[in-house]
Amino acid sequence: MAKIRKAMMKDAKDIHLIIKERTRDAMVLPRPLNSIYSHLRDFFVAESDDGKIIGCCALAISWDFLAEVRSLVVVPEARGARLGARMVQASIQEARDLGVREVFVLTNIESFFDKLGFAETDKNILPQKIWADCINCPQFPDCDEVPMIMKL
């Protein structure tokens, strides 16, 4: 069974690669390798029994008591084993440990996050996210992602 753990320096290039693969179908925003390194402490990874990185998820602090789950990716051959859910749950636990009060996500897989306890919300409550990241997204302003939030 794959284990979920905090990312380490040796994982940065693997994280970058699996995110890069997933940006092709516009499921996650691209992250340059230097961004992965500078935000490495945000990441959890799923590691297979043979030591291969097969998933990642980041918890990014956005603003006062607000954090975002982002860059959630599980490689196709490892899907269906609840790795994504386990990484999100690890991120939520870390948010609680940090004293975060709300965690949000922008997603096109609402049912996945709904099962984890997130609820759809208004994008207007996320002004820091819109201007920090969304403004540079190729899909802005015609984004099809749904904002969801969890109160901790």
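Within region 49-67, the only residue that satisfies the criterion of being farther than 24 Å from residue 103 by Cα, surrounded by fewer than 17 Cβ atoms within 10 Å (Cβ to Cβ) and in contact with a helix residue (DSSP H, G or I) (Cβ under 9 Å, 6 or more places away or on another chain) is 52. Only one entry in 62, 111 is small (Gly, Ala, Ser), at pLDDT below 95 and under 19 Å from residue 149 (Cβ atoms), namely 62.
The listed residues are 15, 61, and the only one of them that is aliphatic (A, V, I, L, M) and in contact with a Cys (Cβ under 8 Å, 6 or more places away or on another chain) turns out to be 15.
The residues in region 85-116 that are farther than 23 Å from residue 2 by Cα and without any contact (Cβ under 8 Å) to a residue 60 or more places away in the chain can be counted, and the count is 15.
For region 9-30, the tally of residues that are closer than 14 Å to residue 45 by Cβ and in contact with a helix residue (DSSP H, G or I) (Cβ under 8 Å, 6 or more places away or on another chain) stands at 7.
From the list 70, 24, 86, 79, which one is surrounded by fewer than 21 Cβ atoms within 10 Å (Cβ to Cβ), among the charged types (D, E, K, R) and within 21 Å of residue 144 (Cα to Cα)? Among 70, 24, 86, 79, only 24 is surrounded by fewer than 21 Cβ atoms within 10 Å (Cβ to Cβ), among the charged types (D, E, K, R) and within 21 Å of residue 144 (Cα to Cα).
Would you check which residues across region 33-46 are touching a residue at least 12 places away in the same chain (Cβ under 8 Å) and surrounded by fewer than 20 Cβ atoms within 10 Å (Cβ to Cβ) and list them? 33, 37, 39, 40, 41 - these are the residues of region 33-46 that are touching a residue at least 12 places away in the same chain (Cβ under 8 Å) and surrounded by fewer than 20 Cβ atoms within 10 Å (Cβ to Cβ). Within region 7-15, can one find any residue that is within 19 Å of residue 146 (Cβ to Cβ) and at pLDDT 95 or above? Taking every residue of region 7-15 in turn, none turns out to be within 19 Å of residue 146 (Cβ to Cβ) and at pLDDT 95 or above. Scanning region 21-55 for residues that are of a type in the set (A, V, I, L, M), at pLDDT below 95 and over 12 Å from the mean Cα position of the chain (by Cα) yields one hit, 26. Can you find, within region 79-108, the residue that is nearest to residue 25 (Cα to Cα) among those that are modelled with pLDDT of 95 or more and small (Gly, Ala, Ser)? Looking at residues that are modelled with pLDDT of 95 or more and small (Gly, Ala, Ser), I get 84. Take the conditions (1) under 12 Å from the mean Cα position of the chain (by Cα); (2) farther than 22 Å from residue 110 by Cβ; (3) surrounded by fewer than 19 Cβ atoms within 10 Å (Cβ to Cβ); residue 15 misses just one of them, which is (3). Restricted to region 10-68, and to residues there that are in a helix (DSSP H, G or I) and among the basic types (Lys, Arg), the residue that is nearest to residue 90 (Cα to Cα) is 41.
The values are calculated or read from the model by the stated rules, or taken from the named source; none is laboratory data. Only a predicted model underlies this, so the values are computations on that prediction, with no experimental measurement involved. Neighbour counts run over all protein chains shown; Cβ positions are idealised from the backbone, glycine included.
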